[in-house]
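Okay, structure first, notes after.
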Amino acid sequence: MASPRVRKIADRIQVIVAEMLERRIKDPRLGFVTVTEVRLTGDAQNATIYYTVLGEDADQQATAAALESAKGVLRSEVGKQLGMRHVPSLAFEFDGIPESARHLDEVLAKAREADAAVAAAREGAQPAGEADPYKKPREVVDEEAEDQD
């Protein structure tokens, strides 16, 4: 987003599209949709709308088809409410960030379990070698002093 004006337009498009999907679009294929973000090009000609859908792959595909069919109605409503001379074209993209976040949470949970297992194994363990494993400076022994003893 190049300018604050473009960011404001993108935020307004997000609100308009979310309200339209909630109240006015009555497509049975439309699942439980959340509009997560809208990215607008610097010239405000193209808007990419990122969304998530609660459900399985079939629900996601049906929702994608419903959004594509409702694109014209949504664009005309965006044009009416924004009052712009040139209304940006709308493109819908599925937002995969929640799935990535869920996968990262699972990986972090496994790492925590592995750390806990290592900490449990470490309890009461003894070092494998000497108590002080660091090299020490060599002591020079005087042979004549040993012979006299």
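Per residue, how much accessible area does the stretch 44-149 show when a 1.4 Å probe rolls over the protein heavy atoms, in square angstrom?
Normalised by residue count, the accessible surface of the stretch 44-149 is 78 Å².
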Which label marks the calculated value of Cα Rg over 2.2 N^0.38 Å, given the options (1) 2.17; (2) 1.02; (3) 0.97? (1)
If you roll a 1.4 angstrom probe over the protein chains with everything in place, what fraction of the accessible area of the chain belongs to carbon and sulfur, to the nearest %? 51 percent
In degrees from 0 to 90, rounded to the nearest 10, what is the angle of the helix 4-23 Cα long axis to the longest principal axis of the chain? 70 degrees
Contour minus Cα-Cα distance for residue 39 and residue 81 (0.36 nm per residue): 13.3 nm
On Cα atoms only, tilt of 71-82 relative to the major axis of the chain in degrees: 80 degrees
Nearest 10 degrees is fine. How inclined is helix 57-69 to the longest principal axis of the chain, computing both from alpha carbons? 40 degrees
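From the helices alone, meaning DSSP H stretches of at least four residues, give me the mean residue ellipticity at 222 nm for the chain, per-run term -39500 (n - 2.57), in deg cm²/dmol to the nearest 500.
The helix contribution divided over the chain gives -17000 deg cm²/dmol.
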Please compute the length gained on full extension between residue 56 and residue 24, using 0.36 nm multiplied by the number of residues separating them and subtracting their Cα-Cα distance. 9.1 nm
Just for the chain, what percent of DSSP beta bridges are antiparallel, to the closest 5? 55 percent
In whole angstrom, note down how far apart the Cα centers of the stretch 73-149 and the stretch 5-31 are. 38 Å
What longest range of the chain stays clear of loop-exposed trypsin sites (Lys or Arg not before Pro) (DSSP non-H/G/I/E/B, at most 10 other C-beta within 10 angstrom)? 27-84
Using only Cα atoms, what is the ratio of the radius of gyration of the stretch 1-87 to 2.2 N^0.38 Å? 1.10
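Taking GluC sites (Glu not before Pro) as candidate sites, keep only those in a DSSP loop with at most 14 other Cβ atoms within 10 Å, then name the longest stretch of the chain containing none of them. Let's see the in-between values first.
Values: sites that count: 56, 123, 130, 139.
By the stated rule (loop sites, at most 14 other Cβ atoms within 10 Å), 57-122.
Which semi-axis lengths, in whole Å and largest first, follow from the square roots of five times the eigenvalues of the Cα gyration tensor of the stretch 38-85?
Output for the stretch 38-85: semi-axes of 25, 13, 8 Å.
The values are calculated or read from the model by the stated rules, or taken from the named source; none is laboratory data. Everything numeric here is computed off the predicted structure, so don't read it as measured data. Note that each Cβ is placed from the backbone with ideal geometry, even for glycine, and that neighbours are counted across all protein chains shown. The area values use the complete protein model at the heavy-atom level, side chains included, leaving out ligands, DNA and RNA. Shrake-Rupley method; radii C 1.70, N 1.55, O 1.52, S 1.80 Å.
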